[in-house]
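Since the structure comes first, as structure tokens, the remarks are kept for the end.
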Protein chains: 2
Amino acid sequence: MTVDLTLLPDGGTSWLDASGPENNIVLSTRIRLARNLQGRPFTVRASQAELLSVLDDVCAAARETPVLRDGVLYRIDELESFDRVLLHERHLISKELGGLGNPNADPRIGAALLTNGALGVMINEEDHLRLQTLESGFALESAFPAIERLDTDLGARLAVAFHPEFGYLTACPTNAGTGLRASVLIHLPGLVLTKEIGKVLQGLSQIGLTFRGLYGEGSEVIGNFFQLSNQTTLGKSEEALVDHLSQMVSQVLEYEQQAREILLREAPTVIEDKVWRAYGRLRYARILSFEETMNLSSGVRLGVGLNLISEVSVYTLNKLLIFTQPAHLAHRHGRPLSDSERRTERARYVRDLLEADANRMAR
Amino acid sequence: MTVDLTLLPDGGTSWLDASGPENNIVLSTRIRLARNLQGRPFTVRASQAELLSVLDDVCAAARETPVLRDGVLYRIDELESFDRVLLHERHLISKELGGLGNPNADPRIGAALLTNGALGVMINEEDHLRLQTLESGFALESAFPAIERLDTDLGARLAVAFHPEFGYLTACPTNAGTGLRASVLIHLPGLVLTKEIGKVLQGLSQIGLTFRGLYGEGSEVIGNFFQLSNQTTLGKSEEALVDHLSQMVSQVLEYEQQAREILLREAPTVIEDKVWRAYGRLRYARILSFEETMNLSSGVRLGVGLNLISEVSVYTLNKLLIFTQPAHLAHRHGRPLSDSERRTERARYVRDLLEADANRMAR
């Protein structure tokens, strides 16, 4: 089985289209709910037969759930490692579900059932079900009802493990209660350049929020992208958790705006020079590592946000995040790439995209 | 008195036009002859009246010399410091004649008599007369007869200090004999990148050649530009000195070509990346120091020489050498510039020039 992303109405990338609120600074909003089936062992302790039975039950329920009925099912354990990496790079499955933590181990029997707007279910990830949605921009207000409806619809057709005192039971106790993690992928170059970022992140951790890099837990911060999310899942309602995150992200957004105003006021030419040089390197380099690509496009993104650069769209910059990754470059090229080929192909892709944008904007 | 460079038929910049032989690698060829008037004290020991008398005599002779008759006379001691810097930046007068070594001292009474193709005479520099010519590319073959004719024509009208044994007498004994210094401004990024340059320069010094930076004696090497010239002036004929330099420069040119071939063969993508990144920075930077401008345009010049970059002409790169200097930027701007203004104006000038070239090439 090979993964065919064209089966998804939008290739699973509609969240990249920069259509959401505050899309200059907030790339995307993700909410996931962890759920487990009643009376079944958690996935780490389940036999092959038990995993298959969970998968069958969830698929049966999904077929009766309007929003999932036309979804595409990817059987992760039947995919080649390359295709699992591809899905992960596209933020459609987790590292855990893809079995990508340990390259020698096969992924457990599981699947991703995906639909438009990256709304879907991961089956037999750490929990039996991980309901997820991914939207463009700062979109907690629309993402939350979407995931809630999916939870209700699916919950009506599946017996889910729920404890009157602890709430939803999960494989890892840190997820118990609501099983909800909401996160916002936010670009904070202003706070990084003004060196305020440490203070802001420290403040967030004191009020129950946490931050991660581009790819969730354990991933490094590159390109000044931070995933801000709720730390606790227990003792508050879903609404309260999402409201709290929403308020705090609004606050961070405001800090970032202030930092940018300070930069523009105190060192306008230095900032202009910085963002345009980043553009020049990205536009003309013939060798690019992923990390350099992210760091340079962070500079360009800041330039676009400050209305200093109009030659490139936020949508294009968003695409760079996904399509300059190793599996995506190999996919586009039609064959595996060596390290050095990958760096030149990445530079070629970036160049073509930026040139097309510049030509379009010039018209 | 203000300097008006438009009086010169070509603004004194025809040597920049990249029309000469090997202009991809050799920027320009300069020959100068040092001469002194018989029975007069050298300029460092001369009184004001004696300097003025030398100036008058040379001007009278020049008026009768066909090639100088339509030349433009700049009285250096009557110019503001700014204008003297401007002439020096354009390579039309020496630091010595401009009195630019010590900003508190006025220049001695002297002048530059200039004509097309930077052929002319500096009067009361270190020597009473410095006949000079500056041509595009590797042009010893045409520059030498030009300066010889000027020497003959002027020598027929002025009694010049000449000793049957020592030859032409000069203020500094290192110039005695022929009084000739021929130099070639050559761009050697290939030898620098392959780290062969040290060996080559050492070899040259062992056979009577010397090297300097862009602005002659004591100036630093920037942008991989080297001025190669004869070290000795005594004990050989003018022809022999020029022939020797010519052969050695041809040899260096060949080494440089070989180094470039090695680079292209062994690391084509690395070189391509390097030259295009230099182009990107030069094209988009908003702040540029002169040194960075020279170093980046050295990369771009290499790219043009290797046929990797066609968006920019050698002529444009040559212009950057002259017109991005402080006095030229202030001249263009119509007023003195602060350090930071100068860096932003330089970046603006470079950007406009490269953009115009790219648009022209795209048509």
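Taking a quarter of the surface of the convex hull around the Cα atoms of chain B, what do you get in nm²?
18.2
When the Karplus curve 6.51 cos²θ - 1.76 cosθ + 1.60 is applied with θ = phi - 60°, which whole-Hz ³J(HN,Hα) does each residue of region A:240-254 get, with x for Gly and Pro?
For region A:240-254, the Karplus curve yields 5, 4, 5, 4, 4, 4, 4, 5, 5, 5, 4, 5, 4, 4, 5 Hz.
How much net charge surrounds A:Thr194 when only other residues with a Cβ under 11 Å from its Cβ are counted (Lys, Arg +1; Asp, Glu -1)?
-1
Only helical DSSP H runs with n ≥ 4 go in: add -39500 (n - 2.57) per run for chain B, normalise by residue count and round the 222 nm mean residue ellipticity to 500 deg cm²/dmol.
Dividing the helical sum by the residues of chain B leaves -14500 deg cm²/dmol.
Work out the length of the dipole vector of region B:268-362 about its Cα centre, built from +1 on the beta-carbon of each Lys and Arg and -1 on the beta-carbon of each Asp and Glu, and round it to the nearest 20 debye.
200
I'm a student and want to see the number: the projected area of the Cα convex hull of region A:41-150, averaged over all directions, in nm².
7.0
Please list log₁₀ I(q)/I(0) at q = 0.12, 0.14, 0.21 Å⁻¹ for region A:268-362, using the Debye equation with identical point scatterers on the alpha-carbon positions.
Debye output, listed in q order: -0.35, -0.47, -0.98.
Students often forget the sequence filter, so: which lysines lie under 29 Å Cα-Cα from B:Lys199 once same-chain residues fewer than 8 apart are removed?
B:Lys236, B:Lys274
If we count every other residue with Cβ under 12 angstrom of A:Ala356's Cβ, Lys/Arg +1 and Asp/Glu -1, where does the sum land?
Once positives and negatives cancel, what remains is +1.
Counting only protein heavy atoms, what percent of the accessible surface of region B:128-220 is carbon or sulfur at a 1.4 Å probe?
For region B:128-220, the apolar C and S fraction of the accessible surface comes to 56 percent.
Taking the Cα centre of chain A as the origin, how large is its charge dipole in debye, to the nearest 20, when only Lys and Arg (+1) and Asp and Glu (-1) carry charge on their Cβ atoms?
The calculation lands at about 820 debye.
How much length is gained if the chain between A:Arg332 and A:Ser250 is pulled fully straight, taking 0.36 nm per residue apart and subtracting their Cα-Cα distance, in nm to one decimal?
Taking A:Arg332 through A:Ser250 to full extension adds about 25.8 nm, to one decimal.
How long, wide and thick is the protein assembly as shown, going by the Cα atoms along their three principal axes, in whole angstroms, largest first?
117, 47, 41
As I understand it, the value is the acute angle between the Cα axis of helix A:314-323 and the longest principal axis of the Cα atoms of chain A; what does it come to in degrees, rounded to 10?
60
Along Cα→Cβ, 7 Å out, is where each label goes; now give me the distance between the ones at A:Lys195 and A:Arg63 in nm to one decimal.
Once both label points are built, they end up 6.2 nm from each other.
Pairs of Cα atoms under 8 Å, at least six residues apart: use those to get the relative contact order of region A:268-362, whole percent.
Computed over region A:268-362, the figure is 37 percent.
May I ask you to work out the translational diffusion coefficient for region B:1-79 at 37 °C, viscosity 0.692 mPa s, via Stokes-Einstein with Rh from the Kirkwood sum over Cα pairs, reported in whole µm²/s?
209
So what are the radius of gyration and Dmax for the Cα set of region A:59-100, in Å?
In Å, with Rg to one decimal and Dmax whole: 11.8, 31.
What list of ³J(HN,Hα) values in whole Hz, one per residue of region A:26-34 in order, does the Karplus curve 6.51 cos²θ - 1.76 cosθ + 1.60 (θ = phi - 60°) give from phi, with Gly and Pro shown as x?
Along region A:26-34, the couplings run 9, 6, 7, 10, 10, 10, 9, 10, 9 Hz.
With equal scatterers on the alpha carbons only and no solvent term, can you work out the Debye log10 of I(q)/I(0) for region A:155-226 at 0.13, 0.14, 0.16, 0.20 1/Å?
-0.55, -0.61, -0.71, -0.90
Among A:Ala362, A:Ala240, A:Cys59, which residue has its Cα positioned farthest towards the positive end of the charge dipole of chain A, with +1 placed on the Cβ of Lys and Arg, -1 on the Cβ of Asp and Glu, and the dipole taken about the Cα centre?
A:Ala362
What nm distance separates the two modelled labels at B:Glu80 and A:Arg348, each placed 7 Å from Cα along Cα→Cβ?
Rounded to a tenth, the inter-label distance reads 5.6 nm.
How big is region B:61-213 along each principal axis, measuring the range of its Cα positions in Å and listing the largest first?
Principal axes ranked by extent give 50, 41, 29 Å for the Cα atoms.
At q = 0.11, 0.14, 0.18, 0.20 Å⁻¹, what log₁₀ I(q)/I(0) does region A:149-285 have when each alpha carbon counts as one equal point scatterer in the Debye sum?
Debye curve over Cα of region A:149-285, log10 I(q)/I(0) at q = 0.11, 0.14, 0.18, 0.20 Å⁻¹: -0.54, -0.76, -1.05, -1.20.
Please give, to one decimal in nm, the separation of the simple spin-label points placed at A:Ser205 and B:Ala159, each 7 Å out from Cα toward the Cβ.
Using points 7 Å along Cα→Cβ, the separation is 9.1 nm.
Can you tell me the accessible area per residue over the protein assembly as shown, all protein chains present, probe 1.4 angstrom, in square angstrom?
43
Could you give the size of the charge dipole of the protein assembly as shown about its Cα centre, using +1 on the Cβ of each K and R and -1 on the Cβ of each D and E, expressed in debye and rounded to the nearest 20?
40
Would you mind checking the tilt of helix B:48-63 against the longest principal axis of the Cα atoms of chain B, expressed as 0 to 90 degrees and rounded to 10?
80
Could you report the buried accessible area between A and B, both sides summed, computed with a 1.4 Å probe and given in Å² to the nearest 100?
Roughly 1600 Å².
So what's region B:79-128 giving for Cα Rg divided by 2.2 N^0.38 Å, two decimals?
1.05
Rounded to the nearest 0.05, what FRET efficiency do A:Phe166 and B:Ala358 have when you use their Cβ-Cβ distance and R0 = 60 Å?
Plugging the Cβ-Cβ distance into 1/(1 + (r/R0)^6) gives 0.40.
According to the square roots a ≥ b ≥ c of the eigenvalues of the Cα gyration tensor, what is the shape class of region A:106-162, taking rounded for a/c under 1.5, prolate for a/b larger than b/c otherwise, and oblate for the remainder?
It is oblate, given that a/c is not under 1.5 and a/b is not larger than b/c.
With a bin width of 5 angstrom, please list the P(r) values of region B:262-306 as percents of all Cα-Cα pairs, from the 0 bin to the one holding the largest distance.
Histogramming region B:262-306 at 5 Å steps yields 6, 25, 29, 21, 11, 6, 2 percent.
Quick one: helix A:268-284 against the long Cα principal axis of chain A, what's the angle to the nearest 10°, folded into 0 to 90?
Helix A:268-284 sits at roughly 70 degrees to that axis.
The values are calculated or read from the model by the stated rules, or taken from the named source; none is laboratory data. No experiment lies behind these values; they were computed from the predicted model shown. Cβ atoms come from the backbone with ideal geometry, glycine included; neighbour counts cover every protein chain shown. With ligands, DNA and RNA removed, areas are computed over all heavy atoms of the protein, side chains included. Shrake-Rupley method; radii C 1.70, N 1.55, O 1.52, S 1.80 Å.
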